[in-house]
Amino acid sequence: MELTIDSLKMRTAGLYMIIGWFLSGCANQPAARTYFSDAISYCKTVKQLNEVVKHAGFSPIVASRNYAYANIAAYECIAGGYPRQYRSLAEQLNGLKKMPEAAVKKEIDFEFAAMLSFCEVGETVTFPEGSMKTFTDSLKNSAKESGMPSIMFDHSVEYASMVSKAILAWSKGDHYAATRNAALYNVVDSPGRWVPTPPAYQSAIEPHWQEIRPMGIESAGKFIPPPPIPYNMKDTNGAYFKQVMAVKRARDSLTPGQQHIAEFWDDLGGKLNVEGHIMFVTKKFSPPGHWMNIVGIASEKAKADFKKTVAAYTLTSICMFDSFIQCWAEKFKSNMVRPETVINRFIDPDWRPLLQTPPFPEYTCGHSTVSSAAAEALTKMYGDNFAYVDTSELEFGIASRSFTSFRQAAEENNRARFYGGIHFHPSCTISTVYGKKVADFIIGKLKLEQ
C-alpha cells in the first residue's frame, strides 16, 4: 500500500491519540501513597517508646539498644519503599543481612509500615508484652479512618512484620541475652577503685556491656582513650588531688545558672529519694531518651519529611549505641572511684554532690560520650549552627535551654556532669572527644541517602 503524506499524518495523529489515552489512563490509576506523610507521626511514635522505656526503668545503656533496633526497623521499611532516596543498612551494619523485599510495593504505605515495625521491635526488645499495643492499635485505627484501602492496610502490616522479624533475628546475635546471666561486678575496696555510692549503694550496672556487638565500629576497643589521671590523694599538689578539689569547690559555690545546667542534663532514669523512713523513686528520661527528644525537636524545626526524620533518629541512635559500648569498655577497665567517695573519705564525710551519683565507675563519662556522638549525628543530618530550644525537660519541671548548635549542647553537657559533682572535668572533656570519634567513624562508614 502506497503511503501518502496525508495518510502518514493521519496515522501519526492516531498514534498520538492512542498514547494520550494510555497516559491519561495511567494517570487515573490509584498511585501508591502514604496516609502518614507528617513526620510528627513518627516523632510521636518514638516518644511513645520513650515513655515505655522510662516507666520500665531501663538503664541508659540498655535504653540505647531499645531505641537503636526499633529505629533501624523503621528505617529499613523506608529504605525498602524509597530505594532511590535511601540505602538499606544491610551489609553496612555488623551482621545485618539483606532485608526481605516487598512483593507489590505499590500497595504498601511504607511510612505506616515503618511505624508499625518500630512499635513491634521496640516492644519486643523492651520486654513488657503489650506495652506498645494500645499505641499500635491507634495507628491502625487512624489508617482505616483516613481511608486506607484494605489491601494496602494488609500489605503494609505484612511488610512491617517481615522487616521486624529480620531485625529481631539480627538482634539476637548481639550477645545481649548472654550478658543477662553474666557475673556481677566484683566490688574490691582498694584505693582508687570504684565502690557503690549513696543513697542506694547499688551494684555497678552492665559490667559486661563491652561484650555487646557494636553496630558500626568493629569492636569495643576501636577507640581507646588515654588512661585517667592516676589516683593519688597523698600528693596535695598533684593532678589527681587538684581535680578532686575542683569538683568540691564547684559544687560548694554553684551559681543558679550552673545548677540549671547540671539539673537540665541530669537524666538519671531512676532517682532514689530518701525522706526519713520513706524511700521512693522518681523517673525521668535517660541520656538516650533525652537525645531522642532532641531529634524530634530538630526534625520539626527543620521541617524534615517523614523519611529524613526516620533517618535522623536512626543515625543518632546507632551512634549512641556504639558510643556506650566504647565508653563502658573503658569504665570497667580503669574502674575509677567517684568524686563523692573520695571527698567523703578524705575531706568531708557529709559532702554530697548536687546530682545523685549513678552506679558505675567514673572514667569515662557516659553522658558526655553519647551526647557528643548524638551531636555529631544530628550535625550530619541537619548541619552545624542549627539553633534550637530544647524543651525536653519541661515535663519534669525544669526550664528549657537554648543552643546555637548540637555541638554546643554536647559541650555544655560535659560541664553539667562536673557541676553536678559526679564527674571529674577531665573525664568529661575526654569523653566528648571520644564520642565524636565514634560518631565520625560511623558517619563515614554508613551510607544512608543515595
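All of the numbers you see were taken from the coordinates with simple rules; none came from a lab. All of these numbers come straight from a predicted model, not from anything done at the bench. Here the Cβ is made from the backbone with ideal geometry for all residues, glycine too, and neighbour counts use every protein chain on show.
Quick rundown of the values:
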read-out	value
Trypsin sites (Lys or Arg not before Pro) lying in DSSP loop within the range 298-375, provided at most 11 other Cβ fall within 10 Å	Lys303
222 nm mean residue ellipticity, helices alone, for the chain (DSSP H n ≥ 4; -39,500 (n - 2.57); rounded to 500)	-18000 deg cm²/dmol
Alpha-carbon Debye profile of the range 312-450, log10 I(q)/I(0) at 0.18 Å⁻¹	-1.03
25 °C / 0.890 mPa s Stokes-Einstein diffusion coefficient of the range 174-323, Kirkwood radius on C-alpha pairs, µm²/s	124 µm²/s
Protection-proxy order for peptides 231-240, 165-174, each taking the mean of Cβ atoms within 10 Å per residue, highest first	165-174, 231-240
Listed values (1) 42, 29, 18; (2) 50, 21, 20; (3) 36, 28, 19, entry calculated as semi-axes √(5λ) of the Cα gyration tensor in Å	(2)
Pairs of alpha carbons in the range 40-173 whose separation is greater than 24 Å (percent)	26 percent
Prolate/oblate/rounded call for the range 351-416, Cα gyration tensor, a/c under 1.5 rounded	oblate
The range 235-270 and the range 324-342: distance between their alpha carbon centers, rounded to Å	17 Å
Neighbour net charge for Tyr201 - beta-carbon separation under 13 angstrom, K R +1, D E -1	-1
Those lysines that a straight Cα-Cα span of less than 22 Å connects to Lys98, excepting residues fewer than 8 apart in one chain	Lys106, Lys165, Lys172, Lys307, Lys308, Lys445, Lys447
Axial C-alpha extent at least 15 Å, average Kyte-Doolittle at least -1.0 - helices from the chain (DSSP)	5-27, 40-56, 60-81, 110-126, 150-171, 239-252, 287-302, 306-334, 366-382, 425-445
Mean Cβ count within 10 Å, highest first, over the residues of peptides 59-71, 91-103	59-71, 91-103
Hull volume in cubic angstrom per residue (convex hull over the Cα atoms of the range 190-445)	131 Å³
Relative packing of 249-260, 380-391, which averages over residues the other C-beta atoms within 10 Å, highest first	380-391, 249-260
Cβ-placed point charges (K, R +1; D, E -1), dipole of the range 190-445 about Cα centre in debye, nearest 20	380 debye
Percent RCO, i.e. relative contact order, over the chain, from Cα pairs under 8 Å lying at least 6 residues apart	20 percent
